[in-house]
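None of the figures in this text is laboratory data; all of them are computed from the coordinates on show. If you're wondering where the values come from, they're calculated on a predicted model, not measured in any experiment. Glycine also receives a Cβ, built like all others from the backbone with ideal geometry; neighbour counts cover every protein chain displayed.
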């Protein structure tokens, strides 16, 4: 059945159309806003696969034809790994959808979003999120949505719902919020050092604004939605559960009171082995059944200790941050480096400075983007004591790196005052909770160590939530187990002035304004505490960049002289780059930016360029070389590529019979510039230079 519905959000119409395209999918919908159009399909296998996790895959695909462009790759097609934008959008869609699948659902499920048309003002990501929810809602897949999503901007003190790309350029905020009818389930984005109150209001402004989208999805589902498949929750062998918990009771108490992560893991593994050995083989069907029961028991005990006894795994109170140590200048040859350790989480973060040529070039539907600040996050297996294949950055790595980049970008100097390209790399060496926030802290320290004039230091903290009935506990600086067993992962990044980035994921039905406000307030206390510890290592950026960083020098030449710098086919600029071991960027207005490996080389190059491009000045005396002799005078090169003519009458005070009586080709001679006519011809005088010398 073909059906189209529309609603207005943020002053623009959003339309959902189904039954026209991709009709063999379990659910499909075309979402349109302006000239942006996305097709979203949801398909699930009929047979369940017990894989131990929900086999959900989200694929977001940007097709370059959507913006009327041909891909710039060699094969001229979209191939290889997804772009950073595609990966981040996949994560944006996955995170609010995944918690709403029922327990026991194990059918392989795939949601594919294809961007068919891209308006340069309307980002497809919000349409993709709402389309994914709609496709699942009208399908037979037993998903317990819908959810809706909206973007919120903050321009001149006013909130803007679903701002355009042009509006976002002027906005102090770019937040994406997802929610159900009752609560917020996900938040992600960057802000410009805004207060907690402004952020909180923005989140619920977006939540209120998305309600028409939820109503439209509910109406569509009730009218044309397919009957949902039955899902039988996994049966619990209550007799085996009681037996496992009885056998594990004493040992589990030791597990949940062991503060060290590795020791706790080892004790838990031994406990599992002890329980399995104490059971008869006819009491359980598989080891995984026992393992699942033991894991659920551990989760229940840990959560109960936090809520009922106020005791965390490592003995901290709810607002306490783990011990922190910070070191800068750790790597001798790096431009900037920092080792940030918080509890059992540690990151070595390195800052490298480069020239404009080192900027990252990104090709996307909105056009080419050049990024002068990059932050790359690496999470090797040894940091959690594991062995696995290393196959490049995962979606998680890209997401964590982007969150850290957004948090730090707000304090970076502009290109006019600090023209370097900056790359920060975080090597996670140990991980037990929120290595992305360690990356933020280490990144801020490394940039200051490199001499980057950031406006203020930045730190980050991860908040957790345990909600049992009416009891709510907000945890500061969560451990890995507290993240895994808890109900929320809320990362907040900022300076002393305000928040610069945040990311929140919820595993329960959602959080209300009161809980969100508590979390933001508690996060501020944690963030300020961490900033204080960071300032003990380095309180402000170093006065100069590292001796190993390229030295930046800028000079201005006449635009007409640019060709003298470039040379035929770029020959001269290549020769200078090699000779002076420097990078040379020439702009159309005659600005030349030099990035040199040493100050001496840079100064020598500047002198050379000034000599090459100097413009003759009337009244100035130059030492030149005779290039050509004629009967009426001699042509003298006074500057590279610049010749003037000395008339025979200007050679000496006395009358000269032949030019060659005074000058010959190759002679060095001092001459004075008498005049430069409108055609650029230069009149020189040896006689005047001699007279000036006598004075």
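With P(r) over Cα pairs in 20 Å bins from 0, in percent in mind, check [x] 15, 39, 26, 12, 6, 2, 0; [y] 17, 47, 29, 7, 0; [z] 14, 28, 22, 14, 13, 7, 2, 0 and report the label derived from this structure.
[x]
Which whole number of Å³ per residue matches the convex hull of the alpha-carbon atoms in the range 3-224?
Residue-normalised Cα hull volume stands at 141 Å³.
May I ask you to derive the FRET efficiency for residue 269 and residue 300 from their Cβ-Cβ distance with R0 = 22 Å, giving the value to the nearest 0.05?
The calculated FRET efficiency here is 0.70.
How are the alpha carbon pair distances in the range 621-694 distributed across 10 Å bins from zero to the largest one, expressed in percent?
For the range 621-694, the pair-distance distribution reads 22, 58, 19, 0.
In nm, to one decimal, how far is the modelled label at residue 556 from the one at residue 468, with both set 7 Å along Cα→Cβ?
7.0
Could you pull out which residues in the range 269-284 have an amide N less than 16 Å from a spot 7 Å beyond the Cα of residue 239, following the Cα-Cβ vector?
Zone members listed by number: 279-284.
Any idea how far the Cα center of the range 198-215 sits from the one of the range 104-127, in Å?
The distance from the Cα centre of the range 198-215 to that of the range 104-127 comes to 21 Å.
May I ask for the Rg/Rh ratio of the range 90-133, computed from Cα atoms with Rh as the Kirkwood radius, given to two decimals?
Ratio value, two decimals: 1.05.
As an exercise, use a Förster radius of 51 Å and the Cβ-Cβ distance of residue 368 and residue 253 to find the FRET efficiency, rounded to the nearest 0.05.
Efficiency, rounded to the nearest 0.05: 0.30.
For the range 1-95, state the semi-axes of the equivalent ellipsoid (square roots of 5 times the eigenvalues of the alpha-carbon gyration tensor), sorted largest first and rounded to whole angstrom.
24, 23, 14
Restricting to DSSP H runs of at least four residues, report the calculated mean residue ellipticity at 222 nm for the chain, -39500 (n - 2.57) per run over all residues, nearest 500 deg cm²/dmol.
So the helix-based figure for the chain works out to -10000 deg cm²/dmol.
Evaluate the Kirkwood expression for the hydrodynamic radius of the range 64-122, namely the inverse of the mean inverse distance over all pairs of different C-alpha atoms, and round to one decimal in Å.
14.3
Quick one: which of 538-547, 381-390 comes out on top by average Cβ neighbours within 10 Å, and what's the full order, highest first?
Output ranking for 538-547, 381-390: 538-547, 381-390.
Can you put 78, 665, 238 in order of Cβ neighbours within 10 angstrom, beginning with the fewest?
Lowest to highest Cβ neighbour count: 238, 665, 78.
Fewest Cβ neighbours within 10 Å first, please rank 18, 642 accordingly.
With the sparsest Cβ surroundings first, the list reads 642, 18.
Pull up the DSSP beta bridges for the chain and report the antiparallel fraction as a percent, rounded to 5.
Expressed as a percentage, antiparallel bridges in the chain total about 90.
Provide the gained length on full extension for the span residue 222 to residue 665, in nm with one decimal, where the gain is 0.36 nm per separating residue minus the Cα-Cα distance.
Taking 0.36 nm per residue and subtracting the Cα distance, the gain is 149.8 nm.
Can you put 69, 342, 91 in order, fewest other beta carbons within 10 Å first?
Ascending Cβ contact count within 10 Å gives the list 69, 91, 342.
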